[in-house]
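Coordinate-derived values only; no laboratory data. Computed from a predicted structure; not experimentally measured. Cβ sites come from the backbone with ideal geometry, for glycine too, and all protein chains shown count toward neighbours.
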Amino acid sequence: MKSLFGKAALATTSAALLLAGTAFNAEARIAGTVGTVNAATQTQTFNLVVSSDYITTPDGGTVTIWGYGEVGKPMQYPGPTLKVRAGYHVVVNLTNNLPGANGLTTPMMPVSMIFPGQTGVTATGGSAGLMTQESNGPADTVSYSFTAGQPGTYMYQSGTRPGLQVDMGLVGALLVYPSTENPDFPTKSYDNADASFDREYMFMMTEMDPKIHQLVEFGLINQINNTLTTPTLWFLNGRNGPDTLFPDFASWLTHQPYSALTRMHPGEKVLMRMIGAGREQHPFHPHGNNYTVIARDGRMLKTPASATIDLAFSDYTFDVTPGTTFDAIFTWTGQGLNWDMFGHVAGDGSSCIPDAQGLHSVATDPNYKEPCADHLKPLPVVMPENLSLGFGGFWRGSPFIGALGALPPGEGGLNLNGGVVHIWHSHAEKELTNNDIYPGGILTMLIIEPYGVNIP
Amino acid sequence: MNRIKTSASSAAVLLALLGASGGAGAVPFTQCPGDIYMPEVINGMPTGNLVNGTDSVPDPFLRDLAAVGQPVIGPNPDYKPGVKCMHLAAGDGFVNMADGYLQYMFGFSDMTGTDSSQAMVNGLLAAHSPAPTIELEQGQEFYLNLTNVGMTNRPDLSDPHTVHFHGFPQAMDTFDGVPDTSISINMGSTLTYYYSIVEPGTYMYHCHVEATEHMQMGMLGNLYVHAAQDQSVAAQPVKDCAGATYNHVAGQRYAYNDCDGTTRYDVEFPLQLISFDSRFHDSSMNVQPLPFANMKDNYPMINGRGYPDTAATGPLPAGAAQVENGGIDSQVMNALVTATVGQRVLLRISNLSVTNHYTVRVLGLPMEVIGRGARQSRGPAAAGLVFAASNTAAYGNAGANLAYKTSHVSLAPGEGYDVIVDTTGATAGTYFLYTTNLNYLSNDTEDFGGMMTEIHLNP
């Protein structure tokens, strides 16, 4: 294969790649790791360790978890997002560094990895387990390898006592990019023009019952009954709302590195990689517009002979079931509002010159991509006076995009650029809580920033 | 309310004056272009007079209120045929569960047609289950006035409220009703939402303030939009479809602008699946900590009633709720489906439970899923995932038809499905629509009831 991951990526370490990416492109792509890339042999190698540590929850608590982590880096929840290129040989070396139970030096139980959706996975080394080879200690490394056959959104989980270990945190995402794509700067998720996007984001949904984690911490694993678990914490990318809004690798969330904040400009195409990585169903509801579901479990929704993703469908809530992944494309232009979303008035010097889609075509204007059919149309209603209103932290103080209106002291403040903000959340609203405290859980925000606001 | 001699004054100015003269929230400031007149009611009795008012009903004509008979003196210049308005009050109240249990709830009531000056009074203890149905036509401009009347039984609770139009396409946060991203309306005040209705389909609405609580408490309602294709001319190819060969039949309606009649129906019924956890509701009424994670809904319902109340026509026998509500019947909607043999029945099914997935089945009649997520079940019309806008030519004829026949449909919370039940050739009689999550065929400890209703198929 001639194409490489990029000049800088060739034969570099994952650490260097990660740093390079973080420096200038932290949110436009999905945070993760490409491992150690050997372009000559078309191999990506990941060295992972399972260990125990704590995550924090927004209600002020901490929870003991087990997590995968890259060697030399903090363990994390979810595990590192493995970003590989289709056709590459993937090697994952896994070592068990869990603490021993009751003073024993060997880990309290073995751990492993399975790769749903991949075929031809081989496991060597380690110890024999039921579903796959397992690691049973720091000196017992198991090596999994497979060829990433088809692009798509996948997950990996523990294959050892998964009812317990996945709740404990042993789960992560595996993203396979088309062979022509650079996993660090991808432009499409499948070998099909319909799968192209401007930005991609991951939404991995999980849940936890803290009681299980307490029993594990106290060494009372035998008292756990997985059939009776009652989750009280729900996660997006390993964080509970509103922690989901903090940036990737926020320093105070050592073991929860992945943000779920979504940002875009009007008219851009956002790829949503939704992953049901826990044990419950989570109906994910994007405010702002329908999304178009284009793939399930790493396969495009298309008939074999079609050149396009012809079985894609539009929906406003889609149920992400345990063990499945769904890819969807979301876009937003504000077309059809019947009022000027910029609040333009005649004589203000603004213009709207429609492109083929009817959106303003002058890229240097702040109202680039404005729906021209609504240009200069006044807001049809009078907004109530401030005393009558409650204000959200993301409220601009103005009905118009890009405008920041006056708000009472202490109100607003989270929407620095006057973007249009929509909540994206599980529509099983029970899951919008953290240990009985609302709001939280599977909840994040989409910010549609006006053009002129740089989104890294 | 003053009677006014008609002038051509702008309704907007008039409304602004009314709002201003009302003082701080005394009279809800509703906005509805063309809304000038309404029937006068004194002490609950209609006088037969028209007065100027703000009842959220547009008036096509100006009248001389001072003259005998209040004759029409001309068209109302502010009247626009495509404008629809509603006025909802948000507050609390009581409902009767099918087993007689008295249930406290939060909810909406319909103040449309009531002078806004009365809404703060009439909206008290008037929470309805389900919330008043919002039925719209594609192409309409919709002004939705929301007045927060406060919680009579929870004077400690000064919660604002919102309306979230669930599934609205290309939504602006300004009118999306999410308190975290925009604004919510405080007690005693009124917020007017504006929507240009561009896409037909089955949506839903609910309050989004402290969504887990306010939705569990019952602020949930049906919302759907009729397709512009309904306006087609009989015996002519259906409207706005280039090259369409399907001829419109008078009286026929369409769930979507399908261009080929595949979503045609004769009668439609919204069926909203919801469920209450009475322990949560009781905790709320008694100002106790709310058990969010331990929610277990014990009253599964369709359109705010459990079976057999779902299939009862007319008002339910007055129970404890009417006493608590001061006589207000808060469950005016049923879930009975009635049709005659040969009709195509459109079921607009939505799930607004905050806890449970529900699967529902129609026993003995075929179901066909023809839409979901307020879109016809069609693949993209062209490369680039382009779904032709539903008001453009050849919408429905493009893209793979993804409709399918089934005997059940499964809905996650927040999902909506359009199902057509074709009764051609069926035997007249009573059929049942019910959840196949069989433990939810219960009204709490009554183990036969719950999420079930009847389909009365008449010869």
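Overall shape: oblate for chain B, with the ratio a/c of the largest to smallest alpha carbon gyration tensor axis at 1.5 or above and b/c at least equal to a/b. Bin all alpha-carbon pair distances of the protein assembly as shown at 20 Å intervals from 0 and give each bin's fraction as a whole percent. Histogram of Cα-Cα distances, whole percents per bin: 14, 45, 33, 7, 1, 0. Less than 5 angstrom separates the built amide H of B:GLU40 from those of B:THR47, B:GLY48, B:ASN49, B:LEU50, B:VAL51, all sequence-distant by 5 or more or on a different chain. Couplings 3J(HN,Hα) for region A:373-385, derived from phi with the Karplus relation 6.51 cos²θ - 1.76 cosθ + 1.60 (θ = phi - 60°), are 4, 9, 4, 6, 6, x, 4, x, 10, 8, 6, x, 5 Hz, where x marks Gly and Pro. Per-residue shielding of B:410-422, expressed as the average number of other chain Cβ atoms within 10 Å of the residue Cβ, stands at 4.
Rounded to whole numbers, the Karplus 3J(HN,Hα) couplings from phi for region A:170-185 are 8, 7, x, 9, 10, 10, 9, 9, x, 4, 8, 9, 8, x, 8, 9 Hz, using 6.51 cos²θ - 1.76 cosθ + 1.60 with θ = phi - 60°, and x at Gly and Pro. Over all Cα atoms in region A:339-379, the spread is summed up by Rg and Dmax: 9.2, 25 Å. Amide hydrogen proximity for A:THR43: with H placed 1.01 Å from N in the peptide plane, the residues at 5 or more positions away or on another chain lying under 5 Å are A:ASN38, A:HIS89. When both region B:437-454 and region B:347-371 are represented by their alpha-carbon centers, they are found 15 Å apart. Would you mind checking the tilt of helix A:14-24 against the longest principal axis of the Cα atoms of chain A, expressed as 0 to 90 degrees and rounded to 10? Its long axis makes an angle of about 10 degrees. Centre-to-centre separation between the Cα atoms of region A:393-431 and those of region B:172-247: 21 Å.
With a threshold of 25 Å on the Cα-Cα distance, the over-threshold entries among A:LYS73/A:LYS211; A:LYS377/B:LYS239; A:LYS302/A:LYS369; A:LYS269/B:LYS405; A:LYS211/A:LYS430 are A:LYS73/A:LYS211; A:LYS377/B:LYS239; A:LYS302/A:LYS369; A:LYS269/B:LYS405.
Calculation over all alpha carbon pairs of chain A in 10 angstrom steps from 0 returns a P(r) of 4, 20, 29, 25, 14, 6, 2, 0 percent. Look at the stretch B:352-364: the mean tally of other chain Cβ atoms within 10 Å of its residues' Cβ atoms is 2.
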